[in-house]
């Protein structure tokens, strides 16, 4: 057992679901390119069991990771699931045989995706389902998501989904969704260097809605910054631990889901909550976003 507070706790609005602020993102449990099985399935199972043993009770996944592979590993490792474990999944994409990422946004595709998640996770209902807008390029676009959110709301009424979230969306899309159903969380691209959602995070915090950064450590291109490395050196931590600690300090509604297929890296990530960042250190780290913009 790892002695860690895991960043404190957060309760999703309008729910009884309370999670530690440091969770686990399961995407990297699949094979290369998030496609096919992992090289070492036993190691993937070990990472999940280590995370839960350490107090992680928030796992982020999707049945289009693999596809199906990641959810099947989660079921193998953790089912029957411990009391209090919150599994958050997402819909909106499919993975054909060529390994590409294709939109899957029709009512029929979303409904099929819910049933795929239920079957592969071994659940009767999904705690939280995020509708993941594919957007354009690396960010969201402004197309309406009313049809997709309405479909999820109908599935919620049928008891297959308990709560609904959004991913890769704009403030306008969130507002549109809120006219249809309650939104308990938003999952967007955000980290020390990518801070386009600063205003959105603060608005969501005032509403008590969770903000979950995907790519909190830079994603497929890990964060690289001499400032980050310098601060980490002074703190006696790794750059990635420092980046995660900054996110915990950034706003109390931020929940972290760093992913890894390594038990050693998992332990490093979970230890990020032990770092205390002074106001001067936070100000120094805040400069990284400006450096990233200048380098573009």
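Read-outs throughout are calculated quantities, based only on the coordinates presented, and are distinct from any laboratory measurement. All values reported here derive from a predicted model rather than from experimental measurement. Note: ideal-geometry Cβ built from the backbone for every residue, glycine included; neighbour counts use all protein chains shown.
Annotations for the structure displayed:
- Semi-axis lengths (Å, descending) of the ellipsoid that matches the C-alpha gyration tensor of segment 1-157: 25, 20, 15
- Normalised per residue, the volume of the convex hull around the Cα set of segment 201-296 (Å³): 110
- Considering only 256, 228, 152, the mean-square fluctuation computed in a Gaussian network model of the chain, springs between alpha carbons under 10 angstrom, is largest for 228.
- The alpha-carbon atoms of segment 116-275 define a convex hull whose volume equals 133 cubic angstrom per residue.
- Shown for 52, 263: other C-beta atoms within 10 Å of each C-beta, ranked fewest to most, produce the order 263, 52.
- Quarter of Cα convex hull surface for segment 73-197, i.e. mean projection, nm²: 8.9
- Ranked 277, 121, criterion: other C-beta atoms within 10 Å, fewest first: 277, 121
- Pairwise FRET efficiency - residue 234 versus residue 198, Cβ, R0 = 22 Å, nearest 0.05: 0.30
- Ranking of 90, 5, 39 by neighbouring Cβ atoms within 10 Å, starting from the fewest: 39, 5, 90.
- Remark: relative contact order (segment 17-68) = 53 percent; criterion is Cα-Cα distance under 8 angstrom and separation of 6 or more residues.
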